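Student: One structure follows; several queries about it will come next.
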């Protein structure tokens, strides 16, 4: 083990000089590196802890809530953050006044020097001062609001103070209005529009944007912006932003001397800017970016407001995304991505009501995959599922935006076509029957042959005026198409 400790010391020795606590752990919780900053903070010299189990010194780190997340790091999972809000004292470190340092801890997997597996690199930042400033700002703001009504007849010397208090009061009102609107949003897209308009009112003197993490590409893309000058890339990587790297507000007052994020345009730099990470549920969701035009600055009060706004936006978007996900799960078929039977029944009732009210036609196509059982028998159940998945994508591509594609059950599908008369629907059903034959479905490197469909068409009002009657008419037509030899379109009688 001594050889491993020496190798780790050589690799990470440069971190001994940084003003951030750094610790490298092996998957058995043995400390392999303990930098000077941690030694100063904890009063534990390297010689007393390197090569020993960290859990012996700090027993609370062996609790399941820490072990689960650290296990993911040792397995090479993504970096994790123990925020100062939920985990203030990852490694309890006293201050001279007897209180403990408030910490923001980032844990990153680094490959082991020998063999497979990963070490956990803990970077512990002291955010005590920033946290206290935020708390002080909130206390000051609350006190100021209570004094506004009491000091309406104050002396002229307090006039400037009154203006400042009014500004804080206005911010609270706007922040409350933004929260109310975000709570009323039904989709994330609606929320982005609310955020852009609310931030334009909250930050009237500066331009800015909200960037959200795009999960499939792991890139940040702009979803809302305000102001006339856009000085940042609209799509960038997380490591191109210092705020995301540090997990805290990053403010640059002097563009000639400050540490500038890589996502800013080199030839269009603002006079000042700040980035605020938007965190929720222990992970980064995006960045709130503010940039000041020439001859203007981003004051400390604007920075503090930006931190508060970022917190509210992150929490609202996280809740809204969860709500959208749960809603989609309740109305979508998980295999094909089409709507499910429940959504079909609700939508058909709604569309029939609109069709009857506005006197326009509506048609339904019932679809069955021919000889589907042969796919399962010959290639296996998963191969059959792949056929259904491919058909889900096929129907998405070949229907109008207003049409509703549903999985009826098993290998049966239903299409609802509002404002489509019978003749048009029959033609479109024939097109679907012809085009599906061009669909090439492979599973496990094996081509599964041509897919054909049998389709039954029924229209409102000639084949039924209720959803049940219309579906039964289309189903009867589908049954006749199958009885006549399959791979054909039949019209309800």
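Student: Extending each Cα 7 Å along its Cβ direction at residue 164 and residue 148, get the distance between those two points in nm, one decimal.
Tutor: My value for the distance between the label points is 1.6 nm.
Student: From the alpha carbon gyration tensor of segment 130-328, can you work out the equivalent ellipsoid semi-axes (sqrt of 5 times each eigenvalue) and give them in Å, largest to smallest?
Tutor: Here the semi-axes work out to 29, 22, 15 Å.
Student: Calculate, for residue 493 and residue 65, the FRET efficiency according to 1/(1 + (r/R0)^6) with r their C-beta to C-beta distance and R0 60 Å; round to the nearest 0.05.
Tutor: The calculated FRET efficiency here is 0.40.
Student: Also, I was wondering about something else. Under the 0.36 nm per residue contour assumption, what length would be gained going from the current alpha-carbon distance of residue 402 and residue 183 to full extension?
Tutor: Gain on stretching residue 402 to residue 183: 76.1 nm.
Student: Compute for segment 2-126: radius of gyration divided by Kirkwood radius, i.e. Rg/Rh, restricted to C-alpha atoms, rounded to two decimals.
Tutor: Here Rg/Rh amounts to 0.93.
Student: With both partners inside the chain, how many of the DSSP beta bridges are antiparallel, as a percent to the nearest 5?
Tutor: Of the beta bridges lying entirely in the chain, close to 95 percent run antiparallel.
Student: Moving to a separate point now. Taking all pairs of distinct Cα atoms, average 1/r, flip it, and tell me the Kirkwood hydrodynamic radius of segment 346-493 in Å to one decimal place.
Tutor: After inverting the pairwise mean of 1/r, the radius is 15.6 Å.
Student: Separate question: Tell me, 56, 27, 97 in order of fewest to most beta-carbon neighbours within 10 Å?
Tutor: 97, 56, 27
Student: So what does log10 I(q)/I(0) come out to for segment 45-90 at q = 0.22, 0.25, 0.29 Å⁻¹, using the Debye formula with one equal point on every Cα and no solvent?
Tutor: Scattering profile of segment 45-90, log10 relative to I(0): -0.93, -1.05, -1.10.
Student: Next question. At 0.36 nm per residue, minus the direct Cα-Cα distance, what do residue 40 and residue 214 gain on full extension? Give it in nm, one decimal, please.
Tutor: Additional length available on full extension: 58.6 nm.
Student: If r is the Cβ-Cβ distance from residue 27 to residue 360 and R0 is 51 Å, what FRET efficiency results, to the nearest 0.05?
Tutor: Here the calculated transfer efficiency is 0.20.
Student: Enter the mean projected area of the convex hull around the alpha-carbon atoms of segment 178-286, in nm², rounded to one decimal.
Tutor: Over all viewing directions, segment 178-286 projects a mean Cα-hull area of 7.4 nm².
Student: With the crude spin-label approximation of a point 7 Å out along Cα→Cβ, what separation in nm comes out for residue 139 versus residue 462?
Tutor: Those two pseudo-labels are separated by 7.9 nm.
Student: Also: Taking 51 Å as R0, compute the FRET efficiency from the Cβ-Cβ separation of residue 301 and residue 480 and round it to 0.05.
Tutor: The pair residue 301/residue 480 has a calculated efficiency of 0.10.
Student: While we're here: Translational diffusion coefficient of segment 78-209 at 37 °C, 0.692 mPa s, Stokes-Einstein with Kirkwood Rh over Cα pairs, in µm²/s as a whole number.
Tutor: 171
Student: Please report the Cα spread of the chain along all three principal axes, rounded to whole Å, starting with the longest.
Tutor: Taking max minus min along each principal axis of the Cα atoms, the chain gives 88, 73, 44 Å.
Student: Let me ask another. In degrees, nearest 10, range 0 to 90: what is the angle between the Cα axis of helix 2-12 and the longest Cα principal axis of the chain?
Tutor: So the helix axis and the longest Cα principal axis differ by about 90 degrees.
Student: Going by average Cβ neighbours within 10 Å, how do the peptides 71-78, 366-373 rank, with the highest at the top?
Tutor: 366-373, 71-78
Just so you know, all these numbers are worked out from the coordinates, no wet-lab data involved. For clarity, every value in this text was computed on a predicted model and none was experimentally measured. When we count neighbours, we look across all protein chains shown, and the Cβ atoms used for this are built from the backbone with ideal geometry, even at glycine.
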